[in-house]
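Reviewing the structure listed below.
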Amino acid sequence: MKIGVLLKQTPDTETRVKIKPDGSGIEEGEIKWVINPYDEYAVEEALRLKEAAGSSEVVVISAGPKRSIDSIRQAMAMGADRAIHINTDGSFLDSYLTAVVLAKAVEKENFDIFFAGKQAVDDDNVQVSHGVARLLNCPCIWPVEHIELSGGGKSVTVTRPVSGGIKEIIEMTLPGIICCDKGEHDPRYASLPGIMKAKSKPVQEIPVATLVGGETAKVKWSGFTLPPERKAGKILKADDLEQVCDELIRLLREEAKAI
Amino acid sequence: MGDILFFAEHDAGTLKGYSEELAGLSARLAKELGGKAVGVTLGPSAGVAAEALGAFGVTEAVAVEGESVKEFLGESFGCALTELAQEKKPQVILATSSGSGKDVLPRIAMELKSGLATDCVDVKIVGGKLKARRPIFAGKALVDVDFTTDVQLATVRPNSFPVQKTSEGSKAAVSKKVAPSKDFRAKVKEVKTTEQKMVDLTEAEVIVSGGRSVGSAENFSIIRNLATVLGGSVGASRAAVDAGYISHDHQVGQTGKTVNPKLYIACGISGAIQHLAGMRTSKVIVAINKDPEAPIFSKADYGIVGDLFQVVPKLTEKLKKMLGR
């Protein structure tokens with residue numbers, strides 16, 4: 001099987017976000033960059049599928065600036081075989097354009113299946129995988145927490161958490177895109193030999209300009225701000241449990257009108 | 001003259017609370033655009049739900065029924081809504097940022113080659129076009145979104161706007177439509193209810209969350225009991241989920257769900273930055289923690305410094321008596 005992983009490099013979730021003084025974006029200076037956490041699940045599922053299906057190839061496809069190569073190598077250290085890096089240095093890509101260039105970069109490769117994270121934890125757009133699926137004319141299931149091959153390798157059967165504890169079991173004919181939520185498999189750590197090997201695995205770098213093909217962004221972002229700080233409120237000490245609970249209930253009823 | 005098409009969700013004909021919110025919002029924005037708001041409901045009993053949109057100032061609705069929309073499937077719902085959008089040519093297309101809304105609107109946006117802003121906490125009309133404000137980094141920052149396209153799409157976070165029952169008793173004029181019957185390559189085989197059914201966190205008006213100090217899966221019943229008394233849902237910190245006390249469905253934060261309830265009660269949660277990001281827009285935050293230095297107290301409207309194993313059951317008992325549940 002030919003397995004693709006759509007991967008984005010994002011700031012670590014422990015990052016304290018700082019805004020540029022003119023509100024035009026995020027200060028990137030002190031950020032620690034990692035594989036988008038949901039994309040790590042995608043890498044893990046891709047590697048497991050390769051192990052289950054045998055004689056398969058896992059290819060990482062990432063659109064991002066030069067620094068993204070570190071996360072691409074990381075995914076290859078986990079076990080991916082090769083990568084396509086769409087270098088976006090100096091360009092602003094909204095979700096639409098990102099989907100356009102990813103789809104363009106893979107259109108001739110005939111992948112059987114793609115894994116992606118259900119969303120990137122930086123801009124939280126939840127649009128790119130759906131867009132790539134549309135452009136490649138294949139189905140897309142979002143989000144997915146469990147996957148297995150079915151139909152003699154012609155399809156996958158997946159579990160999709162809906163809401164409030166309901167799960168849908170969906171069968172999807174390949175090719176298609178699976179958007180991974182956290183499932184039962186923790187992403188594997190890269191082994192030392194894995195890290196060594198990753199250094200020589202092939203990465204095809206494509207400048208983004210050669211893939212855009214006259215398409216333009218559909219949205220513009222501006223006015224980056226931090227949310228208003230919440231002020232610390234009243235602290236009640238639980239010396240007298242009865243009293244403190246009564247007081248909290250009173251405040252929630254009368255002052256906050258929350259119950 | 002711009003019209004608004006919006007995706008209204010329902011359970012067997014009863015509109016979802018967040019869809020009532022969206023109906024009122026769509027009616028108001030459509031007025032500003034000088035057009036009308038048209039609601040779309042899909043699936044069995046879609047007609048009943050469509051009529052009910054009338055109470056929120058929506059005069060026109062489309063009920064889509066048929067084999068392919070019997071159960072929710074992103075592809076089939078997306079296809080039906082895209083067809084309607086191509087037929088009605090609205091300027092703005094809205095949905096709630098629910099599990100379904102988030103899965104459907106990106107498909108329509110791509111098909112129409114139009115801009116989409118997801119999970120917006122504010123949307124308004126500026127210069128005859130939609131302008132949106134949305135959180136990024138799960139709420140650590142906010143950004144304004146402007147559209148470069150003639151059609152503008154957005155999903156709106158639940159509990160961001162008041163529910164406006166402006167025309168109590170009115171019914172929307174409903175036209176029926178049969179869902180397109182394409183050969184979709186993804187099919188729902190089975191729908192399973194895996195645990196006690198609760199309102200999804202992203203829609204909940206009250207959330208009671210537990211952290212690692214809850215200590216075990218069994219102990220989470222303390223959290224669950226308080227949530228039940230308040231008619232709310234159960235949340236958890238990443239530490240509690242990673243420790244295996246509760247499933248990831250319940251995780252609040254940057255790698256879990258971003259929530260926006262009216263009341264959020266954090267029990268034994270210290271307040272890691274990625275958790276705070278996911279719940280900071282809650283209207284009222286209560287923190288219960290042994291450690292007076294816990295960062296969660298700096299974000300809480302009300303804090304109790306105390307042992308959750310004493311405070312939470314006592315609170316539950318008192319509220320149960322008071323609310324008669």
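Under a 5 Å amide H cut-off, with hydrogens placed 1.01 Å from N, B:D122 pairs with B:R133 among residues at least 5 apart or on other chains.
How large is the accessible surface per residue of the protein assembly as shown, computed with a 1.4 Å probe and reported in Å² as a whole number?
Computed with neighbouring chains in place, this is 40 Å² per residue.
Take each residue of peptide A:12-25, count the partner chain Cβ atoms within 10 Å of its Cβ, and average: the result is 3. Only the Cβ atoms of Lys and Arg (+1) and of Asp and Glu (-1) were treated as charged; on that basis the dipole of the protein assembly as shown about its Cα centre amounts to roughly 520 debye.
Structural descriptor for chain A: relative contact order 24 percent, calculated from alpha carbon pairs under 8 angstrom and at least 6 residues apart.
Under 14 Å of direct C-alpha separation, and excluding same-chain neighbours fewer than eight residues apart, B:K320 reaches these aspartates and glutamates: A:D246. Comparing A:N36, A:A53, A:T157 along the charge dipole axis of region A:1-158, the residue lying farthest to the positive side is A:A53, per the Cβ-charge model. Sequence-ordered 3J(HN,Hα) estimates for region B:311-325 from the Karplus curve with 6.51, -1.76 and 1.60 and θ = phi - 60° stand at 5, 5, x, 5, 4, 4, 4, 5, 5, 4, 5, 5, 8, x, 10 Hz, glycine and proline given as x. Estimated from helices alone, the mean residue ellipticity of chain A at 222 nm is -8000 deg cm²/dmol (sum of -39500 (n - 2.57) over DSSP H runs with n ≥ 4, per residue). Relative contact order, whole percent, for region A:1-98 stands at 32, derived from Cα pairs under 8 Å and 6 or more residues apart. Relative to its Kirkwood radius, the Cα radius of gyration of the protein assembly as shown gives an Rg/Rh of 0.96.
Per-residue shielding of B:18-30, expressed as the average number of other chain Cβ atoms within 10 Å of the residue Cβ, stands at 0.
Region B:130-184: which trypsin sites (Lys or Arg not before Pro) are DSSP loop and have at most 11 other beta-carbon atoms within 10 angstrom? Before the final figure, lay out the partial values.
Values: sites: B:K131, B:R133, B:K140, B:K165, B:K171, B:K176, B:K177, B:K182; in loops: B:K140, B:K165, B:K171, B:K182.
Sites meeting the loop and neighbour criteria: B:K182.
By the helix-only formula, in which each DSSP H run with n ≥ 4 contributes -39500 (n - 2.57) and the sum is divided by residues, chain B has a 222 nm mean residue ellipticity of -8500 deg cm²/dmol. Highest average first, the peptides B:96-107, A:158-169, A:8-19 ordered by how many other beta carbon atoms sit within 10 Å of their residues are B:96-107, A:158-169, A:8-19. Projecting the alpha carbon convex hull of chain B along each direction and taking the average yields 17.3 nm².
Across region B:120-127, computed HN-Hα scalar couplings (Karplus, 6.51 cos²θ - 1.76 cosθ + 1.60, θ = phi - 60°) run 6, 9, 8, 9, 8, 9, 10, x Hz from first to last residue, x flagging Gly and Pro. Across region A:102-231, the mean sequence separation of Cα contacts (distance under 8 Å, 6 or more residues apart), normalised by length, yields a relative contact order of 24 percent. For the peptide B:298-309, the mean number of other protein chain Cβ atoms found within 10 angstrom of a residue's Cβ is 6.
Per residue, the convex hull spanned by the Cα atoms of chain A measures out at 194 cubic angstrom.
For region B:20-91, which trypsin sites (Lys or Arg not before Pro) pass both filters: DSSP loop (anything but H, G, I, E, B) and at most 16 other C-beta atoms within 10 Å?
Qualifying residues, ordered by number: B:K70.
Bridging of B:K171 to aspartates and glutamates at a Cα separation below 20 Å is possible for B:D3, B:E9, B:D11, B:E20, B:E21, B:E51, B:E60, B:E65, once same-chain residues fewer than 8 apart are set aside.
What longest range of chain A stays clear of loop-exposed chymotrypsin sites (Phe, Trp or Tyr not before Pro) (DSSP non-H/G/I/E/B, at most 11 other C-beta within 10 angstrom)? Longest run free of exposed loop sites: A:93-188. Pairs spanning more than 20 Å between alpha-carbon atoms, out of B:K16/B:K299; A:K8/A:K66; A:K167/B:K102; A:K118/B:K257; A:K118/A:K154: B:K16/B:K299; A:K118/A:K154.
Rounded to the nearest whole Hz, the Karplus-based 3J(HN,Hα) values (6.51 cos²θ - 1.76 cosθ + 1.60, θ = phi - 60°) of region B:232-238 follow the sequence x, 10, 9, x, 7, 7, 4, with x at glycine and proline.
The values are calculated or read from the model by the stated rules, or taken from the named source; none is laboratory data. No experiment lies behind these values; they were computed from the predicted model shown. So basically every Cβ, Gly included, is an ideal-geometry build from the backbone, and we count neighbours across all protein chains shown. What goes into the accessible areas is simple: the full protein's heavy atoms, side chains included, and nothing from ligands, DNA or RNA. Shrake-Rupley method; radii C 1.70, N 1.55, O 1.52, S 1.80 Å.
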